[in-house]
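A.B. asks: Sharing a structure with you now.
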Amino acid sequence: MAVSTVDLLVDAKYNPVFQDSITSKTKLAPGISMAKFLGGDNDPVTLTHITDDDQKVLLAKQYVLHAEAMRTINSKDATKEFKDFRLQVVEGLYRAEEGENLDVSDGLNYLMSRGLAVVYELIGLDGKIAIEKTFDLAVYWKDNIQFDKMILDYDNYNPDNTLNAQIILVMPEVISPWTVTFNNNIETRYNNINQVTNELLEVLRTTASA
């Protein structure tokens, strides 16, 4: 997709601007609250380190974009292509360690600390990461949603050398009130090394173990 700048229309029921306060229970979309993005699988964090209410609103606005992306897979109206799979947040809001001052040079952690980036895994009925279907999800998102950048991320860092697959989805910063510029960049990585830019490359299990 080409670069596009749009003014989003957000249902008032889920618009953080109209909420009395932003908490883990704040609804961002049907069936999706802030809690979904606070940390990730087995590693939750809270919002207590954010004392500025305006910053909480900005964070929630970023997660509205991610909530809409999740609904393309997890909602009852989602495409049937992924009906036997669920999309799981494995890395959401990043809370800096004491004394850690994040800036843009910190890459993914910086983006996650601002609600721009979320790391997802696609889980099958067996409770395991659906490696091949993760590639299909990346293709589906490339063709059906907009984003700042999407990274199809493979690695075989597991002790048994098995292949792992995640999608790092980066959304653009929301400019008040709801203006966003989607760059729609894509990238494929393997073991943190960029393999191709502006296209998706499927890494197979046999390739990873070779």
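A.B. asks: Are any residues in the range 116-135 among the aromatic types (F, W, Y) and not in a helix (DSSP H, G or I), and if so, which ones?
C.D. replies: Within the range 116-135, just Y120 meets the criteria.
A.B. asks: Quick check on the range 95-108. Is at least one of its residues surrounded by fewer than 18 Cβ atoms within 10 Å (Cβ to Cβ), farther than 27 Å from N192 by Cα and of a type in the set (S, T, Y)?
C.D. replies: Taking every residue of the range 95-108 in turn, none turns out to be surrounded by fewer than 18 Cβ atoms within 10 Å (Cβ to Cβ), farther than 27 Å from N192 by Cα and of a type in the set (S, T, Y).
A.B. asks: When you look at N74, is it out of contact with any Pro (no Cβ under 6 Å at 6 or more places or on another chain), crowded, with 16+ Cβ neighbours inside 10 Å, more than 21 Å from P172 (Cβ to Cβ) and not hydroxyl-bearing (S, T, Y), yes or no?
C.D. replies: Numbers: out of contact with any Pro (no Cβ under 6 Å at 6 or more places or on another chain): yes; crowded, with 16+ Cβ neighbours inside 10 Å: yes; more than 21 Å from P172 (Cβ to Cβ): yes; not hydroxyl-bearing (S, T, Y): yes.
So N74 passes the test.
A.B. asks: Quick one: how many residues across the range 79-105 are among the aliphatic types (A, V, I, L, M) and in a strand (DSSP E or B)?
C.D. replies: 3
A.B. asks: Is it true that L122 is under 14 Å from L65 (Cβ atoms), touching a helix residue (DSSP H, G or I) at 6+ places or on another chain (Cβ under 9 Å), surrounded by 15 or more Cβ atoms within 10 Å (Cβ to Cβ) and modelled with pLDDT of 95 or more?
C.D. replies: No: the conditions fail for L122.
A.B. asks: Right, another one. So which residues in the range 146-158 are surrounded by 18 or more Cβ atoms within 10 Å (Cβ to Cβ) and in a loop (DSSP other than H, G, I, E, B)?
C.D. replies: Quick first cut of the range 146-158, residues surrounded by 18 or more Cβ atoms within 10 Å (Cβ to Cβ) only: 146-154.
Q146, F147, D148 - these are the residues of the range 146-158 that are surrounded by 18 or more Cβ atoms within 10 Å (Cβ to Cβ) and in a loop (DSSP other than H, G, I, E, B).
A.B. asks: What pairs can you find where one residue is in the range 9-26 and part of a helix (DSSP H, G or I), the other is among the aromatic types (F, W, Y), and their Cβ atoms are less than 6 Å apart, with a gap of 6+ or different chains?
C.D. replies: Correct list of pairs: A12/F18.
A.B. asks: Within the range 159-170, identify whether any single residue is β-branched (V, I, T), within 30 Å of F18 (Cα to Cα), surrounded by 18 or more Cβ atoms within 10 Å (Cβ to Cβ) and in contact with a helix residue (DSSP H, G or I) (Cβ under 8 Å, 6 or more places away or on another chain), and answer yes or no.
C.D. replies: The initial filter retains those residues of the range 159-170 that are β-branched (V, I, T), namely 162, 167-168, 170.
Remaining after also requiring within 30 Å of F18 (Cα to Cα): 168, 170.
This time we only want the ones that are surrounded by 18 or more Cβ atoms within 10 Å (Cβ to Cβ), so: 168, 170.
From what's left, in contact with a helix residue (DSSP H, G or I) (Cβ under 8 Å, 6 or more places away or on another chain): 168, 170.
Yes, that holds for at least one residue.
A.B. asks: Which pairs turn up if I take residues in the range 55-75 that are β-branched (V, I, T) and look for partners that are assigned to a helix (DSSP H, G or I) and surrounded by 21 or more Cβ atoms within 10 Å (Cβ to Cβ) with beta carbon separation below 6 Å, at least 6 apart in sequence or on another chain?
C.D. replies: Once the first residue is β-branched (V, I, T) and sits in the range 55-75, its partners that are assigned to a helix (DSSP H, G or I) and surrounded by 21 or more Cβ atoms within 10 Å (Cβ to Cβ) give V57/P16.
A.B. asks: Within the range 136-143, identify whether any single residue is among the small types (G, A, S) and assigned to a loop (DSSP other than H, G, I, E, B), and answer yes or no.
C.D. replies: no
A.B. asks: Restricting attention to the range 11-34, which residues are among the hydrophobic types (A, V, I, L, M, F, W, C) and within 19 Å of the chain's Cα centre (by Cα)?
C.D. replies: At the first step, the residues of the range 11-34 found to be among the hydrophobic types (A, V, I, L, M, F, W, C) are 12, 17-18, 22, 28-29, 32, 34.
Correct list: L28, A29, I32, M34.
A.B. asks: For the range 135-143, does any single residue satisfy the condition of being closer than 18 Å to A2 by Cα, surrounded by fewer than 20 Cβ atoms within 10 Å (Cβ to Cβ) and under 14 Å from the mean Cα position of the chain (by Cα)?
C.D. replies: Yes: the range 135-143 contains one or more residues that are closer than 18 Å to A2 by Cα, surrounded by fewer than 20 Cβ atoms within 10 Å (Cβ to Cβ) and under 14 Å from the mean Cα position of the chain (by Cα).
A.B. asks: Can you tell me which residue among I73, I50 is out of contact with any strand residue (DSSP E or B) (no Cβ under 6 Å at 6 or more places or on another chain) and among the hydrophobic types (A, V, I, L, M, F, W, C)?
C.D. replies: I50
The values are calculated or read from the model by the stated rules, or taken from the named source; none is laboratory data. None of these values were measured; they are calculated from a predicted model. Glycine gets a Cβ as well: all are built from the backbone with ideal geometry, and neighbour counts include every protein chain shown.
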